[in-house]
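Chemist: My questions will all concern the structure given below.
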Amino acid sequence: MPDYSGEFTDAKRHFFVLEPPHPREPAPDMNALRAEREAKQRAADEKLYKAQARERKKGEKPYVPATPSPLPPRPAAAAAPQPFRPATAVDRFRARMNVTYERWHEGIGYDLEILKTATPEELVEIEELLLPRAAEDWRDIEALAALDSPRARVALRKALRTSNHRVRIAVLQHAPALITDAERTAALVEALEGSDTYGGLTQALLQIETYHPPEIVAALLRGVLTRTHGPPVHFAAMLMFIHGKAKTAFDWEQRPFFLEFHTPDGAKRRALFHDLCAKIGVAPEPYL
């Protein structure tokens with residue numbers, strides 16, 4: 001129902017006077033409608049009864065309604081249900097590869113417990129599902145590392161060369177035995193220079209907590225000056241932790257200082273960088 005019944009306005013329609021809405025129509029009386037329909041039906045039945053009585057009185061053939069149409073043929077019997085077949089390990093694993101929004105948002109991987117009960121033949125089929133996807137998602141990397149087959153190890157080594165930082169960091173995380181220290185350092189430095197929070201940076205920082213050779217420390221220092229938005233905040237916090245000036249990789253007691261690095265002002269960033277270097281005992285000049 002409209003909110004008003006009419007309007008008055010000037011020629012340019014800048015000002016309006018709205019009339020109140022019409023009163024709502026009353027709801028239909030369902031009992032009255034039902035009684036009317038029943039009365040019509042009784043009248044039709046009475047008319048038919050009187051017509052048949054007149055025909056019987058004249059000795060004519062009584063009125064009978066038209067022969068109804070024949071019933072449609074009975075449908076063919078449904079096929080017998082197939083016997084129940086329990087889902088195989090391959091079926092269950094394939095179903096878990098369908099990543100819903102909840103699984104994506106919560107960072108839930110595939111169900112790797114399925115691999116523990118799969119037969120050797122089923123493991124081969126699961127491997128065939130994963131191999132073409134090795135450079136697409138960290139979940140595939142995690143599953144291939146769990147399989148730890150010769151072909152899976154080749155795929156993991158190949159995935160280390162992808163441009164997807166999240167996938168590369170997953171290889172470092174789940175297949176460390178396949179990676180040299182030089183490869184690990186290079187992948188982490190590149191993640192610090194080019195990834196974002198949801199593209200592998202968070203996972204890279206988790207590894208840097210315990211693995212931070214000089215190349216990585218230098219990358220963190222450069223990133224404090226050159227990266228934008230959130231990364232400099234976390235880089236400053238990590239540098240304080242690596243140099244023993246913070247209790248954790250993001251010390252909440254020093255959070256106000258870290259948040260100051262979230263600034264687009266280059267001069268202010270450089271001044272903050274001097275303060276940071278003074279706190280951790282690093283010369284700032286090589287990075288300015």
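Chemist: Filter the range 115-137 down to the residues that are acidic (Asp, Glu), open to solvent by less than 50 Å² (accessible area, probe 1.4 Å) and either without any contact (Cβ under 8 Å) to a residue 12 or more places away in the chain or farther than 10 Å from PHE93 by Cβ (or both) and list them by number. Working first, answer last.
Modeler: Step one: list which residues in the range 115-137 are acidic (Asp, Glu), which gives 121-122, 125, 127-128, 136-137.
Next cut, open to solvent by less than 50 Å² (accessible area, probe 1.4 Å) only: 122, 127, 137.
Within the range 115-137, GLU127, ASP137 meet the criteria.
Chemist: For the range 101-112, how many residues meet the condition of being loosely packed, with under 11 Cβ neighbours inside 10 Å and among the acidic types (Asp, Glu)?
Modeler: Residues meeting the conditions: 2.
Chemist: Scan the range 18-74 residue by residue and report those that are assigned to a loop (DSSP other than H, G, I, E, B), surrounded by 10 or more Cβ atoms within 10 Å (Cβ to Cβ) and modelled with pLDDT of 70 or more.
Modeler: Applying the first criterion (assigned to a loop (DSSP other than H, G, I, E, B)) to the range 18-74 yields 20-29, 59-74.
Then keep just the ones that are surrounded by 10 or more Cβ atoms within 10 Å (Cβ to Cβ); that gives 21-22, 29, 62-63.
PRO21, ASP29 - these are the residues of the range 18-74 that are assigned to a loop (DSSP other than H, G, I, E, B), surrounded by 10 or more Cβ atoms within 10 Å (Cβ to Cβ) and modelled with pLDDT of 70 or more.
Chemist: Take LEU288 and decide whether it is modelled with pLDDT of 95 or more and either out of contact with any Asp or Glu (no Cβ under 9 Å at 6 or more places or on another chain) or among the polar types (S, T, N, Q) (or both). Step through it out loud before you land on a result.
Modeler: Numbers: modelled with pLDDT of 95 or more: no; either out of contact with any Asp or Glu (no Cβ under 9 Å at 6 or more places or on another chain) or among the polar types (S, T, N, Q) (or both): yes.
Against the criterion (modelled with pLDDT of 95 or more and either out of contact with any Asp or Glu (no Cβ under 9 Å at 6 or more places or on another chain) or among the polar types (S, T, N, Q) (or both)), LEU288 does not qualify.
Chemist: Same structure, new question: Of all residues in the range 219-261 being outside any loop (DSSP other than H, G, I, E, B) and in contact (Cβ under 8 Å) with a residue 40 or more places away in the chain, which is most open to solvent (accessible area, probe 1.4 Å)?
Modeler: Here is the first cut: in the range 219-261, the residues outside any loop (DSSP other than H, G, I, E, B) are 219-226, 231-242, 252-259.
Checking the rest, the ones that are also in contact (Cβ under 8 Å) with a residue 40 or more places away in the chain come to 221-222, 224-225, 235-236, 239-240.
Values: LEU221: 2, ARG222: 97, VAL224: 0, LEU225: 38, PHE235: 0, ALA236: 0, LEU239: 0, MET240: 5 Å².
Ranking the candidates gives ARG222 first.
Chemist: Within the range 146-154, is there a residue that is open to solvent by 40 Å² or more (accessible area, probe 1.4 Å) and closer than 16 Å to MET97 by Cβ?
Modeler: Step one: filter the range 146-154 for residues open to solvent by 40 Å² or more (accessible area, probe 1.4 Å), giving 146, 148, 150-151, 153-154.
Still in the list and also closer than 16 Å to MET97 by Cβ: 146.
For the range 146-154, residues open to solvent by 40 Å² or more (accessible area, probe 1.4 Å) and closer than 16 Å to MET97 by Cβ: present.
Chemist: Being open to solvent by less than 10 Å² (accessible area, probe 1.4 Å) and part of a helix (DSSP H, G or I) is the filter here, so list the residues in the range 179-199 that pass it.
Modeler: Result: ALA187, LEU188, ALA191, LEU192.
Chemist: Restricting attention to the range 84-119, which residues are more than 23 Å from ASN164 (Cα to Cα) and part of a helix (DSSP H, G or I)?
Modeler: Answer for the range 84-119, where residues must be more than 23 Å from ASN164 (Cα to Cα) and part of a helix (DSSP H, G or I): ALA89, VAL90, ASP91, ARG92, PHE93, ARG94, ALA95, GLU113, ILE114, LEU115, LYS116, THR117.
The values are calculated or read from the model by the stated rules, or taken from the named source; none is laboratory data. Small disclaimer: the values here were computed from a predicted structure and weren't measured. Note: ideal-geometry Cβ built from the backbone for every residue, glycine included; neighbour counts use all protein chains shown. Accessible surface is based on the protein model in full, side chains and every heavy atom, while ligands, DNA and RNA are left aside. Shrake-Rupley method; radii C 1.70, N 1.55, O 1.52, S 1.80 Å.
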